[in-house]
C-alpha cells in the first residue's frame, strides 16, 4: 500500500507545466496542487492541467487490442497483442515489398521525444518519408519561415525573458485561453511597465489587458506587419547597427515596404492608420521587445509569408539574440517542439537535416547502420489524406492523432480514411479516427509511462511514471519497438526503455547531444537545447553571437500581401474563422471526458456579431447551421461583440473542421483554417 | 493576524482554474468566476467577514472563526436551515442537499494545516487570487502602485490623479 506523488509534464499545451500526479497503489487519484520552485509554472495551472488526472481511468479507455469485424457500421472484437502485431506486420510487410511509399505514418505531438524518434525511424527504415504529425497543422510555417530568416524554427528566448521586456506584441494568439500561465508572465511584465500590443480579428480575452488593440481583417497579417515595418523604416526607428551588422537584404526590404503606407494598410486591414503609426513607434522605441504568435498567424495559405513578415519586424527592431527580446511562436501541444526536433516531419530527419541533403541524410543512415535512407520528401498530413482518397496511399499507421477531427475539410478526410486498405490506430481512447481502423492498439497515457518532452521554449523535461496503464495498454515506445522488430527492418534494434532510446537520440540529434536521461532525471528544471555536450548547461537564448546560417547573418526577406484562398461572396457572405477555448483541448479526446470541464464548457457554439445576428433574426442560444462549400455544422449561436460584423468565429474542438478549407500554403503545406467563406441560417 | 484570499481586480483571465481545483478538493466548487460585459471577470468566494453575520445567526453554532480568521462550518452541528445563506451579503453558503447541511469555503482548512495555500490560489495562473496575512498583502499592493507611478514618471506619462495635482512628466 503506497501513496506516491510523481513529477510529470502536463499532457495539454506546449507551455510545459510541471504537474504532480498523485497515485495510490499504481492507481491515479488526482493532481496534487502545490506551489513548487520548478519553472515554468511554479505550481500554477489552467483548468485542464488542474483536472488532467480525471481521464486516466475513464471507462472509455482502450484496454485491449481490437480488430474490426464485418463491413459498414464499425464493430470490433478484442484480440491478443500477438495477434494484433501479426496482422499489422503481415499487411505492412506486403506493402513494403510492393511500394513502401504506399504507406503513411502519423506520429504524435502528444508522445514523448523517444516515441516520436522511434516512429520516424520506423517509417524511414520501412522505406518512406511519409511520416508527419500535427505540427504541419500548427507551426509548419514557423519552421519554414524562420529557417529562411534566422536559420532556426524555434522560440529564441526563455519565458523568463518576458519579465524583462518593455513591449510585447501578440499577433494571432490568445494566451488567456490557449496558454493561461503565460498570462502570468505577461501581466507581471505589464506591472513592471511593459506595453502590451494585441493584434487579432477577434476581441479576445487577451485584449482585456492590452494597451493597444489592432483589430484587423482575417488573412491580412502580412499587410499589417509590413505596415508597421514601413513606419519603422520610414521614420528611421530601426536598429541601424543590428541591421547592418547582423542582417542582409535591408535595401530590398525597404523597397518592398515602400507601398505599405499606413493609409494603404488601413484600407486592407481595417486598422486605423493613426494606430499603426503609434504602435510602430511604441514597439520600435521600447528598447526591448518580444513578439508572440500562434495559429492566428500560421494557419493561412500565406502562413510562411506571415512568419517572415513578423521576423522582418523583429530583425528591423534588433529584438533578437538579446535578453528581454525574442521570437515566441507559441506551440500548442506538449511535445510538438520535440516531435519536430526528432524529425517526425516528411521533409526533415532528426535534428532538422533535410532529407534531400545527401551528406546529412547518409550521416543519419550511417548512425542507424544502413547504407542510405529514402531521399524524396514524403507526403505531409493533408497530402496523405489526398493520396489516400485517390488510392495512392494504401495503409496508414496513426499514433496518437485524430485527423478525423483535426484536419480541414473533414468530409474529404472521412472519405480518405474509408478508402484505405488498412488502418492502424494507436491511441488511449476510441477516437473518431479509430472508427475507421482495422486494428486499434491501446496505448498508455502520459502519466503511465516515462520519457522526455520538449516545451515551446526548448526546455526538455523528463516526465516520470506516476501510475499503471489500464488493462493491457502499453507505452507507445514499447509497441513501436515490437512492431519494428517483427517487421524485420534492416537497422532496427530493440530498445530496453525510453532511456535507451534517448541515448541513441543523444548520438543522432546534435541539439540533444548533452541531454542524457541521467541529467534529465536529476535536473527537474530540464535543459534547454541546443546542448552540445554532457557538461554543457544548455542554451536559453538563441542567436546571441550569430545566426545558424552559412554566413552567420539573418535574412530580411520582402513578402507581399496576398488575399486568402477563399473570400466571402453573395452565396457565402461571411468570413469563418476558428478559435479555441480555455476549458477544452483540441479534439476533446481527453477534455471531453473530464466532468469538471464538460459541465463548464458545454457543447459547440459559434460567435456572431449583434448586427449580423439581428439581420438574420438570431438570438443567443438559438440553434444555427453554418454552411461552407465543404460541409455543414450545427451549433448554438452566441451573440457577442468579440467578433466584428461579417465574421463568424467557431471553436473547433467539437468538429467544426467539416467547414474549413484544405487549401494549402505552398511552402509549408499548412491548410487555411483561419479564413473561409460561410453562410449562416437559423434552424427552426 | 487574519489571513484572507484577496482578489487582484483586473487580473482575472476567466479561465476558471480556481473553480476546477476547488471542485477537486471539495467535491463541488465553492468559488465562482463571473464575466462582466466581455471586458473583465471577477472570482468570488467567501469573504470570511470580520463581523460575519452568518456566525451571528447560526442557531446551532455550527460556524466559527478559526485561528487564521477563516469562517469554518462544523458539519456535524449544521442542520441546513439556510439562515447563514439568508444573511450573507454575497450569497456564499450553499445547500448541500445530499449531506443535508450547508457548504461554504473554509479557505482549504485541511491544506492550510499542511502548510499549503488554498487550492484556488495555488493554481490561479494569473495571480488574480492571492492568499496571506491581510496587512502584508495590503503593503504589497501599495508597493505595486508606487512602482507603477515611478515607472510612468520615468517614461513621461503621468497618471491622471498626479496630473490633477500639477505633476508633469519628462517630455519625450
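None of the figures in this text is laboratory data; all of them are computed from the coordinates on show. Note that this is a predicted model, so its numbers are computed, not measured. Cβ atoms come from the backbone with ideal geometry, glycine included; neighbour counts cover every protein chain shown.
Numbers at a glance
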quantity	calculated
Kirkwood-Stokes translational diffusion coefficient of chain B, alpha-carbon pairs, 10 °C, 1.306 mPa s, µm²/s	88
Of B:150, B:130, B:139, the one that fluctuates the most in a GNM where chain B has Cα springs shorter than 10 Å	B:150
Residue exposure sequence - A:463, A:642 - by fewest surrounding Cβ within 10 Å	A:642, A:463
DSSP bridge orientation in the protein assembly as shown - percent antiparallel, rounded to nearest 5	55
Ranked A:524, A:297, criterion: other C-beta atoms within 10 Å, fewest first	A:524, A:297
Convex hull (Cα only) mean projected area of region A:110-198, reported in nm² to one decimal	7.6
Contact order relative to length of region A:388-467, as percent, for alpha carbon pairs under 8 angstrom and 6 or more apart	24
Protection proxy ranking of A:350-362, A:478-490, A:311-323 - average other beta-carbon atoms within 10 Å, highest first	A:311-323, A:478-490, A:350-362
Bridge type composition, region A:286-439 - antiparallel percent by DSSP, nearest 5	25
Relative intensity, log₁₀ I(q)/I(0), of region A:629-684 from a Debye sum that treats every alpha carbon as a point, q = 0.15, 0.20, 0.27, 0.31 Å⁻¹	-0.51, -0.85, -1.31, -1.47
Other protein chain Cβ atoms within 10 Å, averaged over every residue that makes up B:35-45	2
Per-selection Kirkwood Rh - region A:298-372 (Cα, Å, 1 d.p.)	15.0
Ellipticity estimate at 222 nm from DSSP helix runs (n ≥ 4, -39,500 (n - 2.57)) divided over the protein assembly as shown, nearest 500	-8500 deg cm²/dmol
Percentage of interatomic Cα-Cα distances in region A:598-639 larger than 15 Å	44
For chain B, built as a Gaussian network whose Cα springs stay under 10 Å, the top-fluctuating residue of B:148, B:65, B:77	B:148
Proxy reagent accessibility, fewest Cβ within 10 Å first, across B:151, A:247, A:142, A:8	B:151, A:247, A:8, A:142
Whole-percent pair-distance distribution, where bins are 10 Å wide, for the alpha carbons of region A:574-682	15, 45, 31, 9, 0
Shape box of region A:526-578 [Cα atoms, principal axes, largest first, Å]	64, 31, 13
Gaussian network model of chain B, Cα within-10 Å springs - most flexible of B:154, B:11, B:32	B:154
Cα-based convex hull volume of region B:47-104 per residue, rounded to whole Å³	71
Relative contact order computed over region A:70-133 (Cα-Cα under 8 Å; 6+ residues apart), in percent	31
Distance between region A:175-237 and region A:240-318 - C-alpha centres, whole angstrom	12
Chain A - percent relative contact order, Cα under 8 Å, separation 6 or more	20
Average other protein chain Cβ within 10 Å of Cβ, residues B:18-27	5
Rg/Rh for the protein assembly as shown, where both radii come from Cα atoms and Rh is the Kirkwood radius	0.97
Share of Cα-Cα pairs in region A:193-346 lying beyond 21 Å, as whole percent	45
Highest average packing first - A:628-637, A:200-209, Cβ atoms within 10 Å	A:200-209, A:628-637
Average beta carbon contacts from partner chains per residue of A:174-180, 10 Å cutoff	3
Packing rank of A:651-661, A:588-598, A:372-382, where each peptide gets the mean count of other beta carbons within 10 Å, highest leading	A:651-661, A:588-598, A:372-382
